[in-house]
1. Looking only at Cα atoms, what is the convex hull volume of the chain per residue, in Å³?
2. Identify all lysines with a Cα-Cα distance to residue 116 below 22 Å; exclude those on the same chain that are fewer than 8 residues away in sequence.
3. Any idea of the accessible area per residue across the chain, 1.4 Å probe, to the nearest Å²?
4. Calculate one ³J(HN,Hα) per residue across the range 33-48 by plugging θ = phi - 60° into the Karplus curve 6.51 cos²θ - 1.76 cosθ + 1.60, and present them in order as whole Hz with x for glycine and proline.
5. Between residue 12 and residue 109, how many nm apart are label points set 7 Å from Cα along the C-beta direction?
6. Report the calculated FRET efficiency for residue 23 and residue 86 (r = Cβ-Cβ distance, R0 = 25 Å), to the nearest 0.05.
7. Take the solvent-accessible surface of the protein heavy atoms, probe 1.4 Å, and return the percent of it on the chain that carbon and sulfur atoms account for.
8. In debye to the nearest 20, how big a dipole does the chain give about its Cα centre with +1 on each Lys and Arg Cβ and -1 on each Asp and Glu Cβ?
Amino acid sequence: MGATAPRERTRINLKKNDTVTVVSGRDAGKQGKVLKVIPEKNRVIVQGVGFVKKHTRPNPQRNIKGGIAEREAAIHASNVMIVCGECSKRTRIGHKVLGDGRKVRVCRHCEGVLDK
Ligand SMILES: [Zn+2]
């Protein structure tokens, strides 16, 4: 049957300031803090990961010097895993509702709460 493939809705579970490890790609094994989350693209910017060189033209009117600037590029959220602050393992994210009704993200290994 020519059924259309269900659109996968992966919701990004990462938040700014999460500590993550890169699990695939050029920067695999690197660890850093999430600087920015781009939910609509399912991407994150991680401190010190995925540097790209950007060539900039000098523009004296805007006081921009020409040259090569390095900055972090957004990488796909599926290429990183959160690192648990409790057990220091990289983990998948689970969810739990606390006694006070607060919904938090938890570590799948040790049940440690990932949200501070
Ligand atoms: Zn843990």
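The values are calculated or read from the model by the stated rules, or taken from the named source; none is laboratory data. No experiment lies behind these values; they were computed from the predicted model shown. A quick note on method: Cβ atoms are made from the backbone with ideal geometry, for glycine too, and the neighbour counts reach across all protein chains shown. Calculation scope for accessible area: heavy atoms of the full protein, side chains included, ligands and nucleic acids excluded. Shrake-Rupley method; radii C 1.70, N 1.55, O 1.52, S 1.80 Å.
1. 198
2. Cross-link targets: 15, 16, 33, 36, 89, 96, 103.
3. On a per-residue basis, the chain sits at 76 Å².
4. Values per residue, Gly and Pro as x: 9, 6, 8, 7, 10, 10, x, 5, 10, 6, 10, 10, 10, 10, 4, x Hz.
5. 2.5
6. So the FRET efficiency works out to roughly 0.80.
7. Values: 4140 of 8780 Å².
Result for the chain: 47 percent of the exposed heavy-atom area is carbon or sulfur.
8. 340
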